[in-house]
1. Starting with the highest mean, order B:126-136, A:47-57 by the number of other Cβ atoms within 10 Å, averaged over the residues of each peptide.
2. GluC sites (Glu not before Pro), restricted to segment A:98-196: which are DSSP loop and have at most 10 other Cβ atoms within 10 Å?
3. Test of understanding: ordering A:132, B:105, A:167 by Cβ neighbours within 10 Å, fewest first, what list do you get?
4. Might you report the magnitude of the Cβ-based charge dipole of the protein assembly as shown about its Cα centre, with Lys and Arg at +1 and Asp and Glu at -1, to the nearest 20 debye?
5. Name the shape class, rounded, prolate or oblate, that the alpha-carbon gyration tensor gives for segment A:151-280, where a ≥ b ≥ c are the square roots of its eigenvalues, rounded holds for a/c under 1.5, and otherwise prolate holds if a/b is larger than b/c and oblate otherwise.
6. What is the helix-to-structure angle for B:106-130, meaning the angle in degrees between its Cα long axis and the longest Cα principal axis of chain B, kept from 0 to 90 and rounded to the nearest 10?
7. Kindly put A:30, A:232 in sequence by how many other C-beta atoms sit within 10 Å of each C-beta, fewest to most.
8. Averaged over A:131-143, how many beta carbons belonging to a partner chain fall within 10 Å of each residue's beta carbon?
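Every number here is computed from the coordinates shown, using simple stated rules; none is lab data. Treat the numbers as computed from the prediction; the structure is a model and nothing was measured. Glycine also receives a Cβ, built like all others from the backbone with ideal geometry; neighbour counts cover every protein chain displayed.
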Amino acid sequence: MARERADTSHIRPVRRLLMTVLVLCLAVLVLIWRIDNPRVERLRSAITDRIVPNLEWVMAPVTALGRMIDDFESYTRLYEQNAELRRELQQMRTWREAALQLEQENARLLDLNRVQLDPELTFVTGLVLADSGSPFRRSVLLNVGQRDGILDGWATMDGLGLVGRISGVAENTSRVILLTDSNSRIPVTVLPSAQRAILMGDNSAAPVLGFLEAAEDIAPGDRVVTSGDGGVFPAGLLVGQVVIDRDGQVRLRPSADFSRLNFLRVMRSHPGTAISDPGGMIGPPWPLAPEPGTEDAAAGEVTETDRAEPAPPDPHVEAGDG
Amino acid sequence: MARKPTPRRIWAYRGIYLGLGLGVIFFRILPLQTGSPGLPGPDIILAITLAWTLRQPAAVPIAAIVFLFLLGDFLLQQPAGLWTLLAVMAVMALDSRRMTLTEASFLVEMTIVAGVILAMIVAERMILWVLLTDQPSLGLVLMEGLATIVIYPIVVFVSKFLLGMDKLSLVDLEAG
């Protein structure tokens, strides 16, 4: 003991001081994370952006291997799966026939009514690079980012249903918060009864449908689509089906296959045109005196007459103006 | 008892520590389990850090600990710096008690490590509560802590018999 004290007597206090400074720095980092959260989250996505895409060359093979092992495990159930698929395919053929007829009829009716539907949604497809790596967060990292024009808040789907929304965009990557994350809240409509609800993730596989007006009108199997409330999401994206759990709570089984997220579509949302002015008076055209509001029309007439009087009227100009 | 390891061996341990840590983070962010929320696995990096702090403190320099834990905090979507702060404080606490722990039996060591891990979890929740942030569910966090405690003997076993890492004796401690 005595020897140690003699040897390191001048090192120990320095080390202790350094450790204290380190602990203080980390505490300050936590405080900054709490106070100026957006800045730290940007730092986080910048760090992720630097590291994860560089690891792609090694992550891709390992991920592929893991998925192959999963697939291999499902070979054991190949026979029953095959029988099941055949049965489903048979049913699907009849459904497909019905759907085609309905689609044609729908197109005819829409054409008769001259209905203007939502503009066609376009999308950017991204590859899932990484997941959140923690049991407390449900998110995945896509390999598309600012470079590809991705914006915060855009909806993300797999081939079939809604998966989540973009939250955090870096140069080359963007993070998708899944429906099942406990921070996810999405306005939805339950279809046959057209009730509005909020889809609230709770880290389980089936998020909760909350704020329902009349939960007794909801039956298991009802379709749930996005409602477009709040202007964040386009309306009418398929989300999933209603299920009711043992406690009688209304939950949602997502249509997207969350266990196999590989390619995701980021839907480009066009912000809807907002109607801001209350609308003007509509009436017959008056021979009004030129006011500041009608300056354009008056100015047009003046130039026309100005040009007409000094020179004989030019037939081409007349025709063009008329 | 154990001879003092050569500097080369120490550097090998440091390399193993960093490599293992990076490997663990890397495997956790692989997009293999995007679906059903599985049970939280053990915090292997924490178990290794605590075990090696008690055995070969030179093998886990504080810079490496801070680097690994901060990287984990940032990449795994955790509160930035909080878990790092708690890990550094746990390492400091164990470091100051190493004199008494070198001669103690493994059961005592295990108990103390379990206490440290539980204290870290409680402290994390307290700090998050004071900072008014939303917290992960207590059950999952406790399960993660218990898994870490359960895996601790395995980590010790592997480092003792596969990596040949013995506890430093009191003589070595005094010399070092």
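1. Details: B:126-136: 12.3, A:47-57: 16.2.
Put in order of decreasing packing, that is A:47-57, B:126-136.
2. A:120
3. Numbers: A:132 23, B:105 8, A:167 19.
The fewest-first ordering by Cβ neighbours comes to B:105, A:167, A:132.
4. My answer is approximately 3960 debye.
5. Oblate is the answer for segment A:151-280, as a/c is 1.5 or above yet b/c matches or exceeds a/b.
6. 30 degrees
7. Result, fewest neighbours first: A:232, A:30.
8. 6
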